[in-house]
Each structure stands twice: as structure tokens, then as C-alpha cells.
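Chemist: Dropping the structure in here first, questions after.
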Amino acid sequence: MKIPVIRQLFQNNTPEDLEATLNVLEAFCEFRGVSEEEVDVAGEMITNICGALEVHESVKSGVAERDALNAFGQKVMGSIDRK
């Protein structure tokens with residue numbers, strides 16, 4: 001997860017475009033011939049896209065962009081710390 005990447009995705013893409021890309025990446029990961037390294041890269045991209053989608057939802061409900069980005073970052077870091 002990279003907050004600058006999530007910010008760029010949020011600022012430059014509609015939620016519909018992000019959803020379409022997410023669907024393609026998820027389908028890609030299901031192919032048998034995809035290597036573990038490729039799945040890891042796609043997984044990182046999926047995390048960033050999901051972050052951008054969550055930021056879109058937060059901003060839509062009235063949260064400032066910066067606060068929405070920080071909240072997503074804290075949410076991810078919190079879930080990592082629990083393991």
C-alpha cells in the first residue's frame with residue numbers, strides 16, 4: 001500500500017474506472033499460469049485500487065481527501081499489526 005499511489009488513483013480515475021480495473025486484476029490472478037511474483041504485484045495494485053475506492057466513498061460522504069487517505073492508511077496498518 002502506497003498512499004501517494006492511492007492519491008493519484010483517486011484524483012485521476014472515476015470509481016467506475018477503478019472497479020473495471022479491479023475486476024481485470026482479480027481475473028488475472030485466477031489464471032493458472034500466473035506466477036507468485038505476478039500475483040504479489042497484482043495484489044499490491046488491488047490494495048491501492050481498493051484504497052482509492054474507499055477514499056472516493058469517504059470523500060463522497062463529506063470527509064476531506066487528506067483525512068480519508070490517512071484513515072485508509074491507519075486501517076491497513078491496524079490490520080497488519082493484529083496478525
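The values are calculated or read from the model by the stated rules, or taken from the named source; none is laboratory data. Given the structure is predicted, the values throughout are model-derived calculations rather than measurements. In this analysis, Cβ positions are derived from the backbone assuming ideal geometry, glycine residues included, and neighbour counts consider all displayed protein chains. Ligands, DNA and RNA are excluded from the accessible area calculation, which covers all protein heavy atoms including side chains. Shrake-Rupley method; radii C 1.70, N 1.55, O 1.52, S 1.80 Å.
Chemist: Would you list the P(r) distribution for segment 8-83, with all Cα-Cα distances sorted into 5 Å bins from 0 and each bin expressed as a whole %?
Modeler: All Cα pairs, binned at 5 Å, distribute as 3, 15, 22, 21, 18, 13, 6, 2, 0 percent.
Chemist: Report the label-to-label distance for residue 2 and residue 24 in nanometres (one decimal), using points 7 Å from each Cα along the Cα→Cβ vector.
Modeler: 1.9
Chemist: OK, next. Can you quote the Å³ per residue value for the convex hull of the Cα atoms in segment 2-52, rounded to an integer?
Modeler: 57
Chemist: Then there's this: Each label point is 7 Å from the Cα along the Cα-to-Cβ direction; what then is the distance between the points at residue 36 and residue 60, in nm?
Modeler: 3.8
Chemist: Run the accessible area of the chain with a 1.4 Å probe and give the carbon-and-sulfur part as a rounded percent.
Modeler: With neighbouring chains kept in place, the figure for the chain is 53 percent.
Chemist: May I pose another question? Accessible area per residue for segment 1-73 in Å², computed with a 1.4 Å probe and the full protein assembly in place, what is it?
Modeler: 65
Chemist: Label points 7 Å out from Cα along the Cβ direction at residue 71 and residue 17: separation in nm?
Modeler: Here the answer is 2.4 nm between the modelled labels.
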